[in-house]
Amino acid sequence: MSDVVTITGIAAGGEGVGRLADGRAVFVPSTAPGDRVRLKDGSLALYRKFGRAVLGAVEGAGPARVTAPCPHYSQDRCGGCQLQHLGYEAQLAAKRAIVGDALRRIGKLDLPDPEVVEAVEEESEEQPAPDPQVEARRMAALSFIRRFGDPVLKTKAPPVDRFDDTLRNQVGRMAGLMADALGVGLAAPQLGISQRVFVYRVGRDAPVLALVNPEVEWTSDDEEPFEEGCLSIPGVNVDVERPIHVRVRALDEEGEERLVEASGLEARVIQHEIDHLDGVLILDRTTKEQRREAIRALREAERGEQAA
């Protein structure tokens, strides 16, 4: 049975803070003051005076909760994104705590938390509704993407051996579908095409890159866990541990050699897409507990769609 915690405050890093039954504080990302939350099964790590856990579900939303405006919120653990699910007043309180915590960390223990000057015009807590046209394009693009359970997603794709207009048109179509689906990467097997090619773009102003027949030449020893989602497994996010840095040699859609040295999010996206070419999904890379929960959520969603 999962623990249920009421979030009473916000930590300096943007995590929600509540109390366990034994009195220890517990830090829960993606929560806001006033939320009554159920912790994810098996995620609670207990320490001497506190615990850390992953949010399972919000059973009762607090008054400070708003829709996160940052599109990367569910995938980004930086304090800035963590704060964006809070209302304006709660954000001010959290920022005040962050500055005060920073001062105490550098030894200025005698200084109180500073005041945060309010903006002249308060930001509205109500977030604009999704653009109907953008949402329509997203749903249309997702209809072309193969979902979890399709055999092609578990099959290792053969290399591309012809660089012609067909391949170039395919790359262009993949880039368009990826953009419409609001994704950062898309592999050919996700469209039912068993070929070793994928496209990706990290950042709104970055160019779309195609990597054909990619080979990983080197990965760093340093690894980090991070939450990943997948267009083929909608609504599911799980922790996946990957190398932070990677070097990949590939060809572009013209058959020209392309060497990519990437770090951070770009390295993660590249490794995620290469996994697709090898028939590997994020559920194969996460813990047994998260995999079990994800499959349960997928089955429940499928039953809901059938009932509708």
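None of the figures in this text is laboratory data; all of them are computed from the coordinates on show. Computed from a predicted structure; not experimentally measured. Glycine gets a Cβ as well: all are built from the backbone with ideal geometry, and neighbour counts include every protein chain shown.
Remarks
- For the range 231-308, the set of GluC sites (Glu not before Pro) satisfying both a DSSP loop assignment and a count of at most 15 other C-beta atoms within 10 Å is given as E254, E256.
- Given charges at Cβ of Lys, Arg, Asp, Glu: the range 132-307 dipole, positive-most of P132, Q195, L277: P132
- Working from label points 7 Å from Cα in the Cα-to-Cβ sense, the I295 to D41 distance is 1.2 nm.
- Legend: ranking of residues I270, I244 from fewest to most surrounding C-beta atoms inside 10 Å; resulting order I244, I270.
- Leading residue at positive end of dipole, the range 200-295 (Cβ point charges), from P243, G229, V212: G229
- Efficiency of FRET between I244 and T287 - r from beta-carbon atoms, R0 22 angstrom, step 0.05: 0.65
- For E223 and A136, a Förster radius of 51 Å and the Cβ-Cβ distance give a FRET efficiency of 0.85, rounded to the nearest 0.05.
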